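Report on the structure given below.
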Amino acid sequence: MFFQKNLNFNLKDPKYFLAIMGRARQTKKFATMKRMISASDPRLKDKDRAAPKKKKAEDPNEIKTTEHVQQSSALFFQYNTQLGPPFHVLIDTNFINFSIKNKMDIIQSMMDCLYAKCIPYITDCVMAELEKLGSKYRIALRIVKDPRFERLPCMHKGTYADDCLVNRVTQHKAYIVATCDKDLKRRIRKIPGVPIMSLSQHRYAIERMPDAYGAQKK
């Protein structure tokens, strides 16, 4: 009020306000880049546009080399030498559920099928799939947590078990895959030397197993 009476100016006027308070300092921008059009941008004229990269001309006399996937040393042609008692069986989620539905003891039925000791293996992703199914499948979870079932840790992301099982049997030929999933069976049939255990007519059956072991064929 003192300023307004004596000096006759209004503080609300921005001209006088800036004169008293001073201007706010603007911070200088740094590390700013000018936007540039890329040399291959379609908006440029033909003379300014970058020339397309030329492919290297193929020499007709050069020897062509092709890279093949290295075959496992466990295989003798289609025969898997790593299979043998005790059998290591990788179990899929639906195999456990179908076994419970048919009231079958998993380990005992495996031994009846293969006439030898069997060690069932459960991966972390199969366990996660069973846990996701909820309380309806709590019996399956209780069976899987039996100390006779071996646990295999998973290093991949997510809980999709099919890819995990396929990758495992591709790297290590010592496993039999127990599944009732048609898609997974079709994928495993493409991998040489990996037997598939499934459930048919209220008993376990094996396919692609060497004849020497005398297991029940499908």
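Could you list, in sequence order, all residues of region 69-106 that are within 21 Å of Met209 (Cα to Cα), more than 22 Å from the chain's Cα centre (by Cα) and among the aromatic types (Phe, Trp, Tyr)? Of everything in region 69-106, those that are within 21 Å of Met209 (Cα to Cα), more than 22 Å from the chain's Cα centre (by Cα) and among the aromatic types (Phe, Trp, Tyr) turn out to be Phe76, Phe77, Tyr79, Phe87. Is it the case that some residue within region 51-66 is in a loop (DSSP other than H, G, I, E, B), modelled with pLDDT of 75 or more and closer than 30 Å to Ala174 by Cβ? There is at least one residue in region 51-66 that is in a loop (DSSP other than H, G, I, E, B), modelled with pLDDT of 75 or more and closer than 30 Å to Ala174 by Cβ. Residues in region 107-135 that are over 22 Å from Gly158 (Cα atoms) and of a type in the set (D, E, K, R) were compared, and the one that is farthest from the chain's Cα centre (by Cα) is Asp112.
Among strands (runs of 3 or more DSSP E) entirely within region 69-173, having at least 2 residues that are modelled with pLDDT of 90 or more and within 22 Å of His202 (Cβ to Cβ) singles out 87-91, 118-123. Selection of region 173-193 for residues being in contact (Cβ under 8 Å) with a residue 40 or more places away in the chain and either loosely packed, with under 14 Cβ neighbours inside 10 Å or not aliphatic (A, V, I, L, M) (or both) yields Lys173, Tyr175, Thr179, Cys180, Asp181, Pro192, Gly193. Flag: Thr159 matches the condition of being over 18 Å from Ile106 (Cβ atoms) and surrounded by 12 or more Cβ atoms within 10 Å (Cβ to Cβ).
The values are calculated or read from the model by the stated rules, or taken from the named source; none is laboratory data. Because the structure is predicted, anything quoted here is derived from the model rather than measured. Glycine gets a Cβ as well: all are built from the backbone with ideal geometry, and neighbour counts include every protein chain shown.
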